[in-house]
Amino acid sequence: MESAVNAAIARQTIRAPLFRAHLGSVLIVASAIFLPGCSGIQSALDPAGRAAEDIAELFWGMTIGAGIIWALMVALVGYAIYSRREPHTPRQASWLIIGGGVAFPTVTLSALLIYGLALLPELIAPPPEGSLKIAVKSHQWWWRVTYFGPTGETIELANEIRLPVGEAVEFELESADVIHSFWIPSLGGKVDMIPGRKTRLVLVPTRTGLYRGVCAEFCGTSHAIMSFDVIVSEKQDFTRWLNAQSTPAAAPASEQAILGAQLFQANGCGACHAIRGTDARGVIGPDLTHAGSRRSIAAGAMKNDPQQMKHWLSKTQHLKPGVHMPSYGMLPPEHLTAIAAYLESLQ
Ligand code: CUA
């Protein structure tokens, strides 16, 4: 008997330091997994927009509140298990049920509802007259982005949105095929894009920088490869960029780019893609007038450089399964290199 007790004590004394040693590792691993979610280009907890600030504040308020209530519940469970007191009288028990079971949740949830409703007017307020308006149409699996110039002309691009800091912008959202959802976590909440109807979202970026927008509604095979770059800059940089985007494509200058432009037409790319200022006037796929100026290709899937562009052209279906564009891997590699050089020259 005594030896069994000694063995149990010995096991305990070995386990306790072992547990403490592992607790440290567990905490480090847990921090490594969860903390990066609190910052970065796609974090609702690292707000860079007015709506995102409100949402983050609501999140922290609810998390801290829920944490306090959880700790209280654990304490009550501990009290129930370890308390050796006499049972409560019926009167005491009723008060505990009325207080803890009715009054407390009613007060807490009402306060939360009022707080949430108070945030709403700002989140859904229309933008000031004359604000920037951007139309975004979602496709499987990319984003058609249209800006409106001062005289009402449209400037179309794809998978990249630039915004001036500190100004309200109104997004007019619609879908070309299935339900998608437009979400730039750093700037604000998400809104569904529904076929056959237009939805709206107003965002006010408060900090310059690079952010990442995503599709937040499962929309088919390549839903996870449907993101876009968001670049918030000072007004003058934004205006300079938009003016550049409004111009037609530059004529190819290098020998390789000239060959690429010919191959682009010869292989029928212009049936789906438009390049303003050329014979390519397709409307099915992304506008490529300034394709080379974008940060990424294939809706945020790859870095935009000549090698990646060539890779994308030759393995399209492999890189984004189910996308409408076929793979052009059957073209000779030097032709693909030339087409990639042409597209990269479209700054
Ligand atoms: Cu589009 Cu998910």
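Values in this text are rule-based calculations from the coordinates and carry no lab data. Since this is a predicted model, take the numbers as computed values, not measurements. Here Cβ is always computed from backbone atoms with ideal geometry, including for glycine, and neighbour counts include all displayed protein chains.
Just a few scattered comments:
- Karplus-derived HN-Hα couplings along the range 60-76 (A = 6.51, B = -1.76, C = 1.60, θ = phi - 60°), whole Hz, x at Gly and Pro: 5, x, 5, 5, 5, x, 5, x, 5, 5, 4, 4, 4, 5, 4, 4, 5
- Here the Gaussian network model covers the chain, with springs between Cα atoms less than 10 Å apart; of 180, 318, 273, 318 fluctuates the most.
- Candidate lysines - alpha carbon under 20 Å from residue 133, same-chain residues fewer than 8 apart omitted: 190, 198, 235
- Comparing 265, 236, 140 in a Gaussian network model of the chain where C-alpha atoms under 10 Å apart are linked, the largest mean-square fluctuation is found at 236.
- Shown in residue order for the range 207-223 are the 3J(HN,Hα) couplings computed by the Karplus curve 6.51 cos²θ - 1.76 cosθ + 1.60 at θ = phi - 60°: 9, 6, x, 9, 10, 10, x, 9, 8, 10, 9, 4, 9, x, 2, 9, 3 Hz (x for Gly and Pro).
- Positive dipole terminus of the chain, leading residue within 145, 157, 78 (C-beta point charges): 78
- Compactness relative to 2.2 N^0.38 Å, alpha carbon Rg of the chain: 1.40
- Beta bridges per DSSP with both ends in the chain, % antiparallel, nearest 5: 70
- Rel. contact order, % - alpha carbon contacts under 8 angstrom, at least six apart, the chain: 15
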